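Scroll down for the structure; my scribbles are underneath it.
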Amino acid sequence: MTDTAPPANRKGRVLFASLIGTTIEFFDFYIYATAAVLVFPKLFFPAGDPASATLQSLATFALAFFARPIGSAVFGHFGDRVGRKATLVAALLTMGISTVVIGLLPTYAQIGIAAPLLLALCRFGQGLGLGGEWGGAVLLATENAPPGKRAWYGMFPQLGAPIGFFLATAIFLLLTELMDDAAFFAWGWRIPFLASAVLVLVGLWVRLSLTETPAFQKVLDQHERVRLPMREVLLGQPRALLVGTLLTLATFVLFYLMTVFALSWGTAQLGYTRERFLMLQLVGVLCFAATIPLAALYADRFGRRRAMIVATVAILLFGLFFAPLFVAGDTSGTLVFLMLGLALMGLTYGPVGTILAEQFPTSVRYTGASLAFNLAGIFGASLAPYIATWLAGNYGLQYVGYYLAAAAALSLAALLTLRRESTHA
């Protein structure tokens, strides 16, 4: 190392920076998901059929997933050209500003059709920011990881998902306890969106103190930057992109069935109050958080591919037994359903970031991993609550489970095509 070499990032700072950023991003994302079920159908869409308003609200929820690959392309380009640090700061700002503006929007009763249009625009901004955030946070962790610890480091940004979801659910639950429905729908629902500004400032402060990752610094030093990373991923890494997208599919379908769909179905069809179901979900999210580090430890010891295969087979089996646990009047069964489903989510989510990053060379890793992850979001998450609601309403809840099992089968097929543990160190 020469005197001009950049200082190494401290372990604690790297892990905290990767964790805090994804926590903020997923907090922002999940407060929208919760509001899309509980708030937006009533305040941002024309009065009429409640089921139709819910479907329209879920359509705006889906919009962010179509924005995420665009975020992957834009932020991935700069992440692979300029660096991980600057790009992560820009992604966090994009997500944070979009979220805070949602908390300031007038409703349909105040400005008519412009209200859902502005809501959709902000949701698109959320998706754009998250499309650039996730890949960069995973690379910040894994590209600073010591040998034999890549999955362990890579699980820290993954922990941001359950922590963000826990905080999002907890704040809505707290607001529900502290105020009546009139106050909640008049102004209380805005608090989580506006409070996001504080979290964003913390995330920016941490990230601005970092230096570039050693792996990307090596790309810079050896003049190996790719002029157009997206073109290289699409034309030079098509197999990695396809396999990466498919192996992540079940992860997305499972999570959004266990959160958005379950909340909507549980409160609308099974007779649960909003407060009671959110409390049950909080217990499930604790299981989600607990199994992420367990999966990472297993992945570092036995391999990321093997860990993902075990989790995906379990998800497939869970899909076949989806309906019997999730029934009206059986709170204990619903709790077991949420705990089991979200625990399986942790088992697949823990190693997925690391295994995706390993499929692409360093020079296009930001773009490739982000694009694969977010394409899986389009196919696996964007329409999952909508499809599940339609399937359950027309054919029965068991068909939602079959939908999950089919997604798991596709992910399993993709995982089985991986020939070795790590294509790119």
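The values are calculated or read from the model by the stated rules, or taken from the named source; none is laboratory data. Fair warning: this is a prediction, and the values are worked out from it, not measured in the lab. Cβ sites come from the backbone with ideal geometry, for glycine too, and all protein chains shown count toward neighbours.
Some notes on this structure:
- Selected residue (only one of VAL327, VAL313 is out of contact with any Phe, Trp or Tyr (no Cβ under 6 Å at 6 or more places or on another chain) and at pLDDT 90 or above): VAL313
- Elements of the type helices (runs of 4 or more DSSP H) sitting completely within the range 57-148 and holding at least 1 residues that are touching a helix residue (DSSP H, G or I) at 6+ places or on another chain (Cβ under 6 Å) and of a type in the set (Lys, Arg): these cover 84-102, 114-142.
- Qualifying residue in the range 285-306 (condition: under 18 Å from LEU174 (Cα atoms) and either of a type in the set (Phe, Trp, Tyr) or at pLDDT below 95 (or both)): yes
- Condition check for PHE156: closer than 26 Å to LEU220 by Cβ, touching a residue at least 40 places away in the same chain (Cβ under 8 Å) and of a type in the set (Phe, Trp, Tyr): yes
- Residue-level check: of (1) within 30 Å of THR60 (Cα to Cα); (2) modelled with pLDDT of 90 or more; (3) touching a Ser or Thr at 6+ places or on another chain (Cβ under 8 Å), THR367 misses just (2).
- Restricting the range 338-357 to residues that are modelled with pLDDT of 90 or more and over 15 Å from ALA161 (Cβ atoms) leaves a set whose member that is surrounded by the fewest Cβ atoms within 10 Å (Cβ to Cβ) is LEU340.
- Residue within the range 372-387 that is surrounded by fewer than 24 Cβ atoms within 10 Å (Cβ to Cβ), free of Cβ contacts under 8 Å to residues at least 40 places away in the same chain and not acidic (Asp, Glu) present: yes
- Here ALA109, ALA86, ALA91 are screened, and the one residue that is over 20 Å from ALA62 (Cβ atoms), small (Gly, Ala, Ser) and crowded, with 24+ Cβ neighbours inside 10 Å is ALA91.
- Condition check for THR2: at pLDDT below 75, of a type in the set (Val, Ile, Thr) and farther than 30 Å from ALA384 by Cα: yes
- Residues that are of a type in the set (A, V, I, L, M) and loosely packed, with under 15 Cβ neighbours inside 10 Å, drawn from the range 175-201: LEU178, ALA182, ALA183, ALA186, LEU194, ALA197, VAL198, LEU201
- The criterion of at least 3 residues that are within 22 Å of the chain's Cα centre (by Cα) and surrounded by 21 or more Cβ atoms within 10 Å (Cβ to Cβ) is met by the following helices (runs of 4 or more DSSP H) wholly inside the range 240-337: 262-268, 274-302, 304-320.
Listed here are the residues, each with its yes/no results for (1) at pLDDT 85 or above; (2) over 27 Å from THR291 (Cβ atoms); (3) among the basic types (Lys, Arg).
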{"position": "ILE113", "(1), (2), (3)": "no, yes, no"}
{"position": "LEU128", "(1), (2), (3)": "yes, yes, no"}
{"position": "TRP134", "(1), (2), (3)": "no, no, no"}
{"position": "ALA145", "(1), (2), (3)": "no, no, no"}
{"position": "GLY148", "(1), (2), (3)": "no, no, no"}
{"position": "MET155", "(1), (2), (3)": "yes, no, no"}
{"position": "LEU174", "(1), (2), (3)": "yes, no, no"}
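- From the options GLY266, GLY203, residue that is touching a Gly at 6+ places or on another chain (Cβ under 6 Å) and small (Gly, Ala, Ser): GLY203
- Residues satisfying the stated conditions in the range 65-97, i.e. free of Cβ contacts under 8 Å to residues at least 40 places away in the same chain and of a type in the set (S, T, N, Q): THR94
- Meets criteria (in contact (Cβ under 8 Å) with a residue 24 or more places away in the chain and in contact with a Pro (Cβ under 7 Å, 6 or more places away or on another chain)) for ALA343: no
- Among the numbered conditions (1) surrounded by fewer than 24 Cβ atoms within 10 Å (Cβ to Cβ); (2) in contact (Cβ under 8 Å) with a residue 60 or more places away in the chain; (3) not in a helix (DSSP H, G or I), the only one that PHE360 does not meet is (1).
Conditions (1) over 30 Å from SER18 (Cβ atoms); (2) out of contact with any Leu (no Cβ under 7 Å at 6 or more places or on another chain), marked per residue:
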site	(1), (2)
LEU325	yes, yes
LEU335	yes, no
GLY353	no, yes
LEU356	no, yes
TYR386	yes, no
LEU397	yes, yes
SER411	no, no
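- Condition met for ALA59 (more than 30 Å from PRO229 (Cα to Cα), at pLDDT below 80 and out of contact with any strand residue (DSSP E or B) (no Cβ under 9 Å at 6 or more places or on another chain)): yes
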